[in-house]
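The values are calculated or read from the model by the stated rules, or taken from the named source; none is laboratory data. Small disclaimer: the values here were computed from a predicted structure and weren't measured. Cβ coordinates were reconstructed from backbone atoms using ideal geometry, including for glycine residues, and neighbour counts include every protein chain displayed.
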Amino acid sequence: MNDFLDQCRQLVGAAHVLTEAADTAAFLTDWRRRYTGTALAVVKPGNADEVAAVVRLCGRFRVPIVPQGGNTGLVLGSVPDASGTAIVLSLVRLNRVRAIDTVNNTITVEAGCILQQVQEAAAAAGRLFPLSLAAEGSCTLGGNLSTNAGGTGVLRYGNTRELCLGLEVVTPQGELWSGLRGLRKDNTGYDLRDLFIGAEGTLGVITAAVLKLFPQPQARLTAFAAMNSADDALKLLTIAQSQCGAALTGFELMSELCLQLVAKHYPQLRQPFGQAHPQYVLLELSDSESEAHANALLEQVIGTALEQGVIDDAVVAQSLAQSQALWQLREHIPLAQADEGKNIKHDISVPISRIGEFVRVTDQMLQRDFPAVRMVTFGHLGDGNLHYNVSPPEGADGDALIAQQHGINRVVYDSVHRFGGSISAEHGIGALKHDEIRRYKSPVEIGLMQAIKRALDPDNLMNPGKIV
């Protein structure tokens, strides 16, 4: 493969073809540090034309390609397997904001742009880009698009798919398709854009995108509410939606154990209540009228919920600093669980109306089959997405829990399926759930996906072993 690597160096520059172990290590290990693959090289093109040239070269040499952005994924979708036959195609050098159109409310960015960079560019232009994730300081827009990431704003703004108007993509044959159209309406054939979003790099390489922007809200208000059950949280959601409408932009559920872990590992973060409650909700209003109007809406929601006995207590942030402090509690849950030790993560969704029942039933089954496991349950209640995670009994060996992962996954995923849900809500399938989806999707659905893959990538060089 020396000839192949030499030609890669000619295409993108020798400094951007990494082969030494010290240089490639960060690109080969997944974010959770549980798996490390091998690769011929890490290749870092500097623009879309170089991406296309590298893809064509890989086609001639039959070298598989693993596209990678910030490598923050949780399902082994952006790391190579152990064969050592593939290259990692890192898009971090494609990091320009190409254009902002404040009249059309769009921003055109390259795939290697960090999400936070896009948020800041939009804010500098007086606009809002609403996609927000815990990893926004390191994840890239290409990865967000490839996994159809969700985040905390889905309730109001939708997943990444809903925020994208157009794409630029390098096909498996190394052709560059420019579909960077900032149109809300374009009914001229198959929706190619949606084909590549959520495909995890298995159908082509996203190199740029046109994304929707929104007016900056005049006010953002945050409240933290305590209640007895997830069913009560659903009642609060109904009240908030009926009284606030589109102003309700965030609605995050978290269990008491979540806050216990945050308090244990991040004691500097102030807890909102003096006593423990079984469940909590963090809700946010984004108002286009005024802060006074938002305050009135929020007071009405909290008042109604207290009168009806839906919530036991509530704290309303009185400043931006207090709002940020409440959000930090939510954002530190994954960090606190990682600090607590090894755990088993489930990124699932079920119909919103059935979340309370799902949590009760599935918790009981797990306690029956795996006594004393601890449930770290949190997520975006407004769109049905739960991070339904399992930690070992307090003081127990994390490796012993991981040894039971298959059985725990079967209980959770079978329950998700019975409740009409999905075993992946926003993290994708990758290699981690490659076999699982065959258990829950029909042969017709799997066959259709395989047919699309064969049609676009007949040589199976684009991120092989992922999804299908």
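Structural remarks
- Selection of region 354-377 for residues being in a helix (DSSP H, G or I) and either touching a Ser or Thr at 6+ places or on another chain (Cβ under 9 Å) or surrounded by 17 or more Cβ atoms within 10 Å (Cβ to Cβ) (or both) yields 355, 356, 358, 359, 360, 361, 362, 363, 365, 366.
Okay, residues lined up against (1) out of contact with any His (no Cβ under 8 Å at 6 or more places or on another chain); (2) part of a loop (DSSP other than H, G, I, E, B); (3) basic (Lys, Arg); (4) assigned by TED's automatic domain parsing to the domain that holds residue 116:
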{"residue": "38", "(1), (2), (3), (4)": "yes, yes, no, no"}
{"residue": "58", "(1), (2), (3), (4)": "yes, no, no, no"}
{"residue": "63", "(1), (2), (3), (4)": "yes, yes, no, no"}
{"residue": "70", "(1), (2), (3), (4)": "yes, yes, no, no"}
{"residue": "75", "(1), (2), (3), (4)": "no, yes, no, no"}
{"residue": "81", "(1), (2), (3), (4)": "yes, yes, no, no"}
{"residue": "85", "(1), (2), (3), (4)": "yes, yes, no, no"}
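- Any chance residue 408 is at pLDDT 95 or above, closer than 19 Å to residue 365 by Cβ, of a type in the set (A, V, I, L, M, F, W, C) and not assigned by TED's automatic domain parsing to the domain that holds residue 34: yes
- Yes/no for residue 304 being surrounded by fewer than 17 Cβ atoms within 10 Å (Cβ to Cβ) and of a type outside the set (A, V, I, L, M, F, W, C): yes
- Residues located in region 338-353, provided they are under 17 Å from residue 408 (Cβ atoms) and either in contact with a Cys (Cβ under 7 Å, 6 or more places away or on another chain) or part of a helix (DSSP H, G or I) (or both): 340
- Residues considered: 256, 252, 200. Of these, the only one that is of a type outside the set (Gly, Ala, Ser) and on the phi > 0 side of the Ramachandran plot is 200.
- Unique residue being touching a Ser or Thr at 6+ places or on another chain (Cβ under 9 Å), under 23 Å from residue 19 (Cβ atoms) and among the hydroxyl-bearing types (Ser, Thr, Tyr) when the list is 78, 132: 78
- Candidates in region 266-299 are the residues that are part of a helix (DSSP H, G or I) and hydrophobic (A, V, I, L, M, F, W, C); of these, the one that is surrounded by the fewest Cβ atoms within 10 Å (Cβ to Cβ) is 292.
- Among the residues of this structure, residue 341 does not count as one that is touching a helix residue (DSSP H, G or I) at 6+ places or on another chain (Cβ under 6 Å), in contact (Cβ under 8 Å) with a residue 60 or more places away in the chain and not aliphatic (A, V, I, L, M).
- Members of region 103-120 found to be under 21 Å from the mean Cα position of the chain (by Cα) and among the aliphatic types (A, V, I, L, M), listed by number: 107, 109, 111, 114, 115, 118
- Residue pairs meeting the criteria (Cβ under 6 Å; at least 6 apart or on separate chains; first in contact (Cβ under 8 Å) with a residue 40 or more places away in the chain, in region 300-326; second in a helix (DSSP H, G or I) and among the acidic types (Asp, Glu)): 310/232
- Search result, residues across region 421-454 that are among the β-branched types (Val, Ile, Thr) and without any contact (Cβ under 8 Å) to a residue 60 or more places away in the chain: 437, 444, 446
- Whichever residue in region 231-265 is exposed (fewer than 15 other Cβ atoms within 10 Å of the Cβ) and within 24 Å of the chain's Cα centre (by Cα) and, among such residues, is farthest from residue 129 (Cα to Cα): 256
- Residue in region 121-132 that is of a type outside the set (Asp, Glu), within 17 Å of the chain's Cα centre (by Cα) and closer than 14 Å to residue 207 by Cα present: no
- Checked against (1) in contact with a His (Cβ under 8 Å, 6 or more places away or on another chain); (2) on the phi < 0 side of the Ramachandran plot, residue 355 passes all but condition (1).
- Considered as a group, the residues in region 378-425 that are among the hydroxyl-bearing types (Ser, Thr, Tyr) and not in a loop (DSSP other than H, G, I, E, B) include one that is surrounded by the fewest Cβ atoms within 10 Å (Cβ to Cβ), and that residue is 422.
- Residue within region 143-157 that is farther than 28 Å from residue 282 by Cβ, touching a Ser or Thr at 6+ places or on another chain (Cβ under 8 Å) and touching a residue at least 24 places away in the same chain (Cβ under 8 Å) present: no
- Elements of type strands (runs of 3 or more DSSP E) in region 88-190, at least 1 residues being at pLDDT below 95, surrounded by fewer than 16 Cβ atoms within 10 Å (Cβ to Cβ) and assigned by TED's automatic domain parsing to the domain that holds residue 247: none
- Options 63, 42, 51: the member that is under 25 Å from residue 115 (Cα atoms) and out of contact with any Asp or Glu (no Cβ under 8 Å at 6 or more places or on another chain): 51
- Matching residues, region 75-87, being buried (at least 17 other Cβ atoms within 10 Å of the Cβ) and either in contact with a helix residue (DSSP H, G or I) (Cβ under 7 Å, 6 or more places away or on another chain) or at negative phi (or both): 75, 77, 78, 79, 80, 81, 86, 87
- Selected residue (criterion: farthest from residue 420 (Cα to Cα)) from residues of region 333-353 that are buried (at least 18 other Cβ atoms within 10 Å of the Cβ) and of a type in the set (S, T, N, Q): 337
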